[in-house]
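Engineer: I have a structure I would like to understand better, so I am pasting it below and will then ask my questions one at a time.
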Amino acid sequence: MKNSVFSKKWTVGLIIFLIILGFLIINNLDKTIDNLKLGLTTKTALAIDDTKKAPFGPETFIKVAENEKPSVVNISTTQIIKRQSQREFGFRGPFREDDPFREFFEKFFGDIPQGDIKRRSLGSGFIISKDGLILTNNHVVQRATEIKVTLHDEREFDAEVIGTDPKTDLSLIKIKAKVDLPVAKLGNSDTLRVGEWVMAIGNPFGLSETVTVGVVSAKGRIIGAGPYDNFIQTDASINPGNSGGPLLNVRGEVVGINSAIYSGGQGIGFAIPINIATDILDDLKTKGKVVRGWLGVLIQKITPDLAKSFDLSESEGALVSDVVANGPADKAGIKRGDVIIEYEGKKIKSMEMLPRVVAVTKPGTRVNITVLRNGTKKKFKVTIEQLKETRAEISQDIEKTLGMSVQEITPEIAKYFDLEDQKGVIVSNTEKDSLAWESGLRQGDIIKEINRQKVSNIADYRRLMKSIKEKSTILFLVKRGENTIFIAVKTG
């Protein structure tokens, strides 16, 4: 009898428990469905709830734009450029000596007047301190003889350059305002995820602030802009004049600095991660330049074939192709053929990662480096030294002198332009009236050779540009549409 009563009570309790459990499941399912209707995963919805912000939607972008536009500025610069004629570079166009159109071509392109000219350009920037410090791209203010900054309320100020870093294409300028200025909130670009919504604010085409919205298409893009490439790729429209403006997340935090566009491929834009800027801000403020660490190795990417040759289980790490004599790595015992897999406990997942982590290391710091040598892990203690000017820096100066920039042919670019052959690098920009422009190089040209040597990728391009001497002539073989032509550019 007692067992029967107990059994009934247990059954009733179990039924009540199942009813409560079912209610909880259904309730959570409804919430999940609601989140999916908003286009959000449960994880993203919880992340937004954790920030205690308003639910994600059109109002989010409106509020970010309203709150952050006052910290964005327009930058206009004036530069003095010595203009040279086509004939000075020996450029004769894509015609044979006996071609009847050759004379017409030379008349049309060769009779450009010489002499100094003024060139004006526009860009953007954003205020990072109440007393008027502004972060922007280096190429926006480089070689400028005059810099004007216009605020959101249309007040105009003269600006001075506080610090520049061509390697990351960043500059710090300052204006003197009598009152506190609105400041942009700096975020953390390391936590940015592919697919996350972002907003670009700038002054394209000389217009007042405009806002564009898109998502992060990719991270860690290498486009050939410098030795520390690590770009955020976005489909938020970035147009001429947006350079130097902020890329913001939905919380209104700056996660990137709009830097590069590919004008022929709408929808492809690149931004410098904000963490790269915050790492060097102190040096820009106090020294006017960036002091970087130096390991003293030449490295290369580990391809699947190289991984197999070196008996590696994966293609991660940086393969040491050479060691600078008497440099930090050489003194510590690192040798050619070693694969650097860890730096101060941080796993080196790719070749491009190593220069970045070394660069932000203060010279004089003793660091722990782990390498794979013949399949065996070895640990070294290396004292990092200060990076001094190298041929790489000189080659970048030459590129700046030429007035052009190039980038890797990404899958997106190849698809957009229907390129079957992805070997070479694509000219992403040529400044009007620059040496590259005057010689005939144009956006969209694909560089196949430099001085008769093949260019298959951005690594080849950098290597060959390092060998260029100042005040010399560079012979480019470029593909333009279905044709290939030689273009000679004089560096000085």
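Residue-wise test of (1) crowded, with 23+ Cβ neighbours inside 10 Å; (2) under 17 Å from Lys490 (Cα atoms).
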position: Gly424; (1), (2): yes, no
position: Ser439; (1), (2): yes, yes
position: Ile447; (1), (2): no, yes
position: Asn457; (1), (2): no, no
position: Asp460; (1), (2): no, no
position: Ile468; (1), (2): no, yes
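Engineer: Pull up region 250-275, narrow it to residues that are at pLDDT 90 or above and crowded, with 24+ Cβ neighbours inside 10 Å, then point me to the one that is farthest from Ser237 (Cα to Cα). Steps first, answer last, please.
Structural biologist: Applying the first criterion (at pLDDT 90 or above) to region 250-275 yields 250-258, 271-275.
Still in the running and crowded, with 24+ Cβ neighbours inside 10 Å: 254-258, 271-272, 274.
On the way: Val254: 16, Val255: 16, Gly256: 14, Ile257: 13, Asn258: 10, Ala271: 11, Ile272: 15, Ile274: 18 Å.
Among residues in region 250-275 that are at pLDDT 90 or above and crowded, with 24+ Cβ neighbours inside 10 Å, the one farthest from Ser237 (Cα to Cα) is Ile274.
Engineer: Then there's this: Filter region 235-252 for residues that are free of Cβ contacts under 8 Å to residues at least 60 places away in the same chain and over 25 Å from Asp165 (Cα atoms) and give the result.
Structural biologist: Within region 235-252, Asp235, Ala236, Ser237 qualify.
Engineer: Considering region 185-212 alone, what residues qualify as being in a strand (DSSP E or B), over 20 Å from Ala277 (Cβ atoms) and at pLDDT 90 or above?
Structural biologist: Going residue by residue through region 185-212, those that are in a strand (DSSP E or B) are 185-186, 197-202, 210-212.
Now drop any that are not over 20 Å from Ala277 (Cβ atoms), which leaves 197, 210-212.
Scanning region 185-212 gives a single hit, Trp197.
Engineer: Of these, Leu170, Leu186, Leu135, Leu151, which one is over 24 Å from Phe270 (Cβ atoms) and not basic (Lys, Arg)?
Structural biologist: Values: Leu170 fails: over 24 Å from Phe270 (Cβ atoms); Leu186 fails: over 24 Å from Phe270 (Cβ atoms); Leu135 fails: over 24 Å from Phe270 (Cβ atoms).
Going through Leu170, Leu186, Leu135, Leu151 in turn, the sole match is Leu151.
Engineer: Among residues belonging to region 178-200 that are aliphatic (A, V, I, L, M) and out of contact with any Lys or Arg (no Cβ under 8 Å at 6 or more places or on another chain), point out the one that is nearest to Val64 (Cα to Cα). Spell out the reasoning first.
Structural biologist: Step one: list which residues in region 178-200 are aliphatic (A, V, I, L, M), which gives 179, 181, 183-184, 186, 192, 194, 198-200.
Next cut, out of contact with any Lys or Arg (no Cβ under 8 Å at 6 or more places or on another chain) only: 179, 184, 186, 198-200.
Numbers: Val179: 23, Ala184: 11, Leu186: 13, Val198: 10, Met199: 8, Ala200: 11 Å.
This residue is Met199.
Engineer: Report the residue count in region 127-173 for those that are more than 16 Å from Ser76 (Cβ to Cβ) and among the aliphatic types (A, V, I, L, M).
Structural biologist: Adding up the residues that qualify gives 7.
Engineer: Are any residues in region 292-322 in contact with a strand residue (DSSP E or B) (Cβ under 6 Å, 6 or more places away or on another chain), within 18 Å of Ala359 (Cβ to Cβ) and aliphatic (A, V, I, L, M), and if so, which ones?
Structural biologist: Matches in region 292-322: Val297, Leu298, Ile299, Ala318, Val320.
The values are calculated or read from the model by the stated rules, or taken from the named source; none is laboratory data. Please read these numbers as outputs of a predicted model, since none were measured by experiment. Backbone-built Cβ (ideal geometry, glycine too); neighbour counts: all protein chains shown.
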